[in-house]
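Here is the structure we will look at, set down as structure tokens.
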Amino acid sequence: MESISVFDMLKIGVGPSSSHTLGPWRASERWIEELKTSSRFDLVDQIQIHLYGSLSLTGVGHATDLAAVLGLLGYDPVTIPVENIDPEINNLKTFGRLNLNGERSIDFDFDKDIIFHKTFLPYHPNGMTFTAELSNGEKTSSTFYSIGGGFVVKEERKKAKEQIKRFNNFPFPIAKAAQLQVYCDQENKKISEIVLENEKSLRSEQEIDNGLKAVWDVMLESMYIGCHTEGNLPGGLNVRRRAFDSHQRLIGDLQYDTKEDWLWAIRKTKVEFRSILKWVSCFALAVNEVNAALGRVVTAPTNGSAGVIPAVLMYYLTIDNHKADFSHIKQFLLVAGEIGSLFKKGATISAAMGGCQAEIGVSSAMAAGGLTEVMGGTPEQVMIASEIAMEHHLGLTCDPIKGLVQIPCIERNSMGAIKAINAAELALDRKPGHAKVTLDEVIETMWATARDMNSKYKETSEGGLAVQVNLSDC
């Protein structure tokens, strides 16, 4: 039974895509580890990066090439100062030298040594191969697959047994939502309490708290930056940042100096229904505009859907419960992470495998579940909310214009957030035992829908809006 930590589902990284940016970045880091383990690192004379399938078709728009190179340079997506990204890439392009892992300088032609293949490798649409020529005349290569949410494997799901061994101490191993419900009933615990017990088998509760505080801080920071940054997004579509203008209209004369003061200033405002919609949309847009500009966000469960959970959690803190504190944030994130893991285990969180239902749909389900529990919902109501949220995202395609995580991706986060709030309210009105569709059934349905979906609607930019929109108008 594959067990997944909350911190696997909520990762800190750099945009614009978890599968096309964070995943390739991590693959580069893993390849360097392989070279060092095999005592080949010091022999490397020349390297090439081969991108296949979806990583090739939308790679430039998703900054896959940049991410792979930054990983080879030895930078970590969690800690790299994002303002250093452009200078580092420009320096590499100008001088044609790559400082491998910050230790060895080798020749590298950015335009020739990153090779885009339209063909697909086995196991997953997001495949990439690193090759190296060594000073002893030998060659070496290694292939990785970025399977969504920043997860990287050598062959999809081939590492599952190792993952099982790593987490075999989970007191409550979970593969299906029905099992989670049984644990909650038997132990008389909330979902967050069950999840916390599993997490405590991996790390101390203080470490869990510190990790979740770091996740929330990045979420808050990305909303704050997005709301206070104006101009156009990079990429050539000339998409204007809208969160800044929306925020200016909503915030009015409120005074604040820090993002923490900003949070409290919003909490003190009185808002009506239309304003609630505008605030939630503003929060979601802000995060994904930061993501689209290669800023730091939290994969939740992916970068393309990074705005849904922060927007819904911010809604709870600023509009629904002004007395909420970190304990509520912790509770929300634990539940959201577990719901996301159910979808990863039973279906996919990769748009290249399942379309946007695997990203926005899953994030909406995660947010709906988290919100329902902090609003007093039972475990059954939490899973009903998650089911409702996904049910109304089934079949959603991934068709980014020019391969950029901008249109329609940014707006979809605001829609996913609003649906999550609505799903939570609907679930809280449900009486026990009245659900007609279970969460497990909707997860199975999502996976069946993903398998039936035409490949051109799976993050290839070969269908839908990506080919219907006249780019000359952009």
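The values are calculated or read from the model by the stated rules, or taken from the named source; none is laboratory data. Since we're looking at a predicted model, the values are computed, not measured. Cβ coordinates were reconstructed from backbone atoms using ideal geometry, including for glycine residues, and neighbour counts include every protein chain displayed.
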Return only the number of the condition from (1) surrounded by fewer than 24 Cβ atoms within 10 Å (Cβ to Cβ); (2) hydroxyl-bearing (Ser, Thr, Tyr); (3) closer than 24 Å to residue 151 by Cα that residue 302 does not satisfy.
(1)
Among the residues of region 433-440, are any assigned to a helix (DSSP H, G or I), over 26 Å from residue 370 (Cβ atoms) and touching a residue at least 60 places away in the same chain (Cβ under 8 Å)?
no
Considering region 230-279 alone, what residues qualify as being under 26 Å from residue 66 (Cα atoms) and surrounded by fewer than 16 Cβ atoms within 10 Å (Cβ to Cβ)?
230, 231, 232, 236, 238, 240
Scan region 89-104 residue by residue and report those that are more than 21 Å from residue 26 (Cα to Cα) and of a type in the set (Gly, Ala, Ser).
96
Checking the structure you have, find out if any residue of region 56-67 is in contact with a Phe, Trp or Tyr (Cβ under 6 Å, 6 or more places away or on another chain) and among the hydroxyl-bearing types (Ser, Thr, Tyr).
yes
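Name the one entry in 404, 471, 439 that is under 29 Å from residue 60 (Cβ atoms), surrounded by 24 or more Cβ atoms within 10 Å (Cβ to Cβ) and not aromatic (Phe, Trp, Tyr). Even if it seems obvious, please write down each step before you answer.
On the way: 471 fails: surrounded by 24 or more Cβ atoms within 10 Å (Cβ to Cβ); 439 fails: under 29 Å from residue 60 (Cβ atoms).
Criteria check complete, one pass: 404.
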Condition first: under 23 Å from the mean Cα position of the chain (by Cα) and closer than 19 Å to residue 369 by Cα. Now tell me which residues in region 178-226 satisfy that.
191, 192, 195, 196, 198, 199, 212, 215, 216, 219
Within the bounds of region 164-172, is there any residue that is within 28 Å of residue 384 (Cα to Cα), in contact with a Gly (Cβ under 8 Å, 6 or more places away or on another chain) and at pLDDT below 95?
no
Given the structure, is residue 232 at pLDDT 95 or above, within 26 Å of residue 278 (Cβ to Cβ) and not aliphatic (A, V, I, L, M)?
yes
Consider residue 290 carefully, then state whether it is assigned to a helix (DSSP H, G or I) and modelled with pLDDT of 95 or more.
yes
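Which residue, of 456, 431, is surrounded by fewer than 21 Cβ atoms within 10 Å (Cβ to Cβ), in the same structural domain as residue 283 (by TED's automatic domain parsing) and over 30 Å from residue 185 (Cβ atoms)? Show your work before the answer.
On the way: 431 fails: over 30 Å from residue 185 (Cβ atoms).
None of the others qualify; the one that does is 456.
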Could you run through region 394-422 and say how many residues are basic (Lys, Arg), at pLDDT 95 or above and over 15 Å from the mean Cα position of the chain (by Cα)?
1
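Table: residues versus (1) surrounded by 24 or more Cβ atoms within 10 Å (Cβ to Cβ); (2) farther than 25 Å from residue 454 by Cα; (3) β-branched (Val, Ile, Thr).
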residue	(1), (2), (3)
325	no, yes, no
329	no, yes, yes
346	no, no, no
369	yes, yes, no
394	no, no, no
Identify all residues within region 114-148 that are in a loop (DSSP other than H, G, I, E, B) and either under 29 Å from residue 299 (Cα atoms) or β-branched (Val, Ile, Thr) (or both); write none if there are none.
118, 119, 120, 121, 122, 123, 124, 125
Counting residues that are crowded, with 21+ Cβ neighbours inside 10 Å, which helices (runs of 4 or more DSSP H) fully inside region 1-102 reach at least 1?
6-9, 23-37, 54-57, 64-72
